[in-house]
Amino acid sequence: MIVHLDADPHIRQENKLVVFKRMLGAFGVGAPSVDTVLATPSIQPGGSLSGEVRLAGGDFDAEIEHVTLHLVARIEVEHGEAESGALSEFGSVRVSGPFTLAKGEQKVIGFELPTSWETPVTRIGGRPLTGMAVGVRTELAIAKAVDKGDLDVFAVEPLPSQRAILEALLDLGFRVKSADLEAGSLYGVRQELPFYQEIEFHPPAQAPVGEIEITFVATPHTLDVVIEADKAGGHYTDDAIGRFALTHEEALRTDWPLRLREWLTGLSSYGTPHYRPHGLSGHHEGGGFGGVAVGVAAGVAGGLIVGEVVEEVVEEAAEEVFDGGDEGGDW
């Protein structure tokens, strides 16, 4: 006698339940969950993030296609006169290939995620920068179901060479206002990321400038610095740009309060800065300040360029927006 198992009403009901659960799983109901835990919630640019991806099986066995970690940052993208926020990816690593995650199974995947030397700073002196948010987005790709994800914000402290310049500005009476990430690239500066950071400062009362913005572009050995000073009180008609390239060791040996004070004094002394239409030169001879000295600016701040315009090349950015990724904390 041949017995048809699916003729049993209890078996038919169980089969229908399995099919129904998989249908719900396709919409994310009862699917596996993912939680990423960072062991290093704070790093410096060029450092590595370590931690664990913790997976919990759902109501059915799931075929996992891969687990991938993405470094993401909230950036500003210009649209004519308007700006909008978007999510830009600036690095990723796949921590697992295909496997089956059984119903209710617990699985832990350790990881080490290197970051770019251009990773933006999110804290100065342990205090969060208003407007900054960078994080790790975990992608759990599930076959025939809605992918799952997790977003974990982490903090980035400045490199010692960057901190020396930031602390010098604070010593001169400048106050941190906020920071943001601009989609695009700085003309004449080699970048690997599709955006750059601008850290804005309020000036002290006696300064011959309005607000200033500072941008760092670092490599393992060098540091490019661009400082833009807003015109103030009729001292000059265009924004003033100071740019210099040096090694991290040179930055640590430099008397930044003196150099920056000389540059600010030079802005007041020279009035309207000279402007060259081709923008900032990408060629430097030697290290330190000497390679960027030009024209009348050669005697200002040891060669800081005054009055050249930073041209921005806006690149395509991601369409996602951070959902409350800001650490907050006004200065």
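The values are calculated or read from the model by the stated rules, or taken from the named source; none is laboratory data. Remember, it's a predicted structure, so these values are computed and weren't measured experimentally. A quick note on method: Cβ atoms are made from the backbone with ideal geometry, for glycine too, and the neighbour counts reach across all protein chains shown.
Rundown of residues vs (1) without any contact (Cβ under 8 Å) to a residue 60 or more places away in the chain; (2) in contact with a Gly (Cβ under 8 Å, 6 or more places away or on another chain); (3) not hydroxyl-bearing (Ser, Thr, Tyr), yes/no style:
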site	(1), (2), (3)
GLU52	yes, yes, yes
GLY91	yes, no, yes
ARG127	no, yes, yes
THR130	no, yes, no
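Considering only segment 141-185, state which residues are outside the structural domain of LEU49 (by TED's automatic domain parsing), touching a Leu at 6+ places or on another chain (Cβ under 8 Å) and in a strand (DSSP E or B).
Residues satisfying the conditions are VAL176, SER178, ALA179.
What is the number of the single condition among (1) in a strand (DSSP E or B); (2) surrounded by fewer than 17 Cβ atoms within 10 Å (Cβ to Cβ) that GLY104 does not meet?
For GLY104, the exception is condition (1).
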